[in-house]
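Student: My questions all concern the structure below.
The values are calculated or read from the model by the stated rules, or taken from the named source; none is laboratory data. Just so it is clear, the model here is predicted, and its values are computed rather than measured. A quick note on method: Cβ atoms are made from the backbone with ideal geometry, for glycine too, and the neighbour counts reach across all protein chains shown.
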Amino acid sequence: MIIRLQHLFPVPLLLLWLSGCAVQPPAPSDSSLTQEISERNQQLSALNKWKILGRIAFIQADKRESASLNWRYEQDHNDNTRQRLDLTAPLGINVLHLESDNGRHVLEVDGEEYHSEDLDALIYSLTGLTLPTRALSYWLKGLAYLPQDKLSYDSVTRLPVKLTSLYDNRLWSVEYQNYQLVNQHRLATKFTITQAELNIKILVKKWTL
């Protein structure tokens, strides 16, 4: 049975997402953020432990839903990965909690736990959303997940402005709209991820490395 988004996110926060932060990070064309592509790719490929706080919005033709986002990710030198993701509705109500440990995923929704080794399929079965979960940890850093992923770069800063990918035989597009300097890492803080009629907007209020 599919749990519809309105059950996961009872009160939309889209207007809060659109309002953004009080102080906007620099745009990609800010020359102070300039970094060579190969240097940045090498630097961020080595960044395997991070946390983001912000907001996420899911926009489709007939619905718009959003929530606060808290995502912690880490990968060790043996490529073992652990992550914890929380989506929170108003009044601090946790509507989705994910814990992953090296490919084993436990997703908690409405007090019920669901287990799977295929996170994409698990999320789709519960929400009806097709999400590129394996690729997102790369895409959020502005890195290709698949060898055939294509990136375009700002002419001044050489930072990514758009990524396209044929992930799971579906065409995905990621647009990077703002960057800031975090511990000498140039990281985007605003993303628009598109696949067919689904738009996912992510606003990062804080990167922690």
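Student: Any residue that is farther than 24 Å from Phe58 by Cβ, aromatic (Phe, Trp, Tyr) and in contact with a Leu (Cβ under 9 Å, 6 or more places away or on another chain) - is there at least one of those in the stretch 112-131?
Tutor: Scanning the stretch 112-131 turns up no residue that is farther than 24 Å from Phe58 by Cβ, aromatic (Phe, Trp, Tyr) and in contact with a Leu (Cβ under 9 Å, 6 or more places away or on another chain).
Student: Moving to a separate point now. Within the stretch 155-166, restricting attention to residues that are outside any strand (DSSP E or B) and not aliphatic (A, V, I, L, M), which residue is surrounded by the fewest Cβ atoms within 10 Å (Cβ to Cβ)?
Tutor: Ser155
For (1) modelled with pLDDT of 65 or more; (2) within 14 Å of Leu143 (Cα to Cα); (3) surrounded by fewer than 12 Cβ atoms within 10 Å (Cβ to Cβ); (4) within 18 Å of the chain's Cα centre (by Cα), each residue gets a yes or a no:
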{"position": "Leu15", "(1), (2), (3), (4)": "no, no, yes, no"}
{"position": "Gly20", "(1), (2), (3), (4)": "no, no, no, yes"}
{"position": "Pro26", "(1), (2), (3), (4)": "no, no, no, no"}
{"position": "Ser32", "(1), (2), (3), (4)": "yes, no, yes, no"}
{"position": "Asn48", "(1), (2), (3), (4)": "yes, yes, no, yes"}
{"position": "Leu53", "(1), (2), (3), (4)": "yes, no, no, yes"}
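Student: Right, here's the next one. Could you say which residue among Asn78, Asn94 is surrounded by fewer than 12 Cβ atoms within 10 Å (Cβ to Cβ), modelled with pLDDT under 90 and of a type in the set (S, T, N, Q)?
Tutor: After applying the criteria, what remains is Asn78.
Student: Just wondering, is there one or more residues in the stretch 113-124 that are within 21 Å of Arg55 (Cβ to Cβ), surrounded by fewer than 18 Cβ atoms within 10 Å (Cβ to Cβ) and without any contact (Cβ under 8 Å) to a residue 24 or more places away in the chain?
Tutor: no
Student: Cβ-Cβ distance below 8 Å, separation of 6 or more or different chains: which pairs start in the stretch 128-139 with a residue that is under 12 Å from Thr81 (Cβ atoms) and end on one that is part of a helix (DSSP H, G or I) and not hydrophobic (A, V, I, L, M, F, W, C)?
Tutor: Thr133/Asp120; Arg134/Asp120
Student: In the stretch 124-145, how many residues are closer than 17 Å to Glu175 by Cα and in a loop (DSSP other than H, G, I, E, B)?
Tutor: Adding up the residues that qualify gives 8.
Student: Looking only at the stretch 94-112, which residues are closer than 22 Å to Ser68 by Cβ and without any contact (Cβ under 8 Å) to a residue 40 or more places away in the chain?
Tutor: Within the stretch 94-112, Asn94, His97, Leu98, Glu99, Ser100, His105, Val106, Leu107, Glu108, Gly111, Glu112 qualify.
Student: Is there a residue being buried (at least 16 other Cβ atoms within 10 Å of the Cβ), more than 20 Å from Arg55 (Cβ to Cβ) and over 14 Å from the mean Cα position of the chain (by Cα) anywhere in the stretch 126-139?
Tutor: Yes, the stretch 126-139 has at least one match.
Student: Restricting the search to the stretch 180-209, which residues are touching a helix residue (DSSP H, G or I) at 6+ places or on another chain (Cβ under 6 Å) and either within 17 Å of Tyr138 (Cβ to Cβ) or among the β-branched types (Val, Ile, Thr) (or both)?
Tutor: Arg186
Student: Looking at (1) among the charged types (D, E, K, R); (2) closer than 19 Å to Ser45 by Cβ; (3) free of Cβ contacts under 8 Å to residues at least 40 places away in the same chain, which is the one condition that is false for Arg158?
Tutor: For Arg158, the exception is condition (3).
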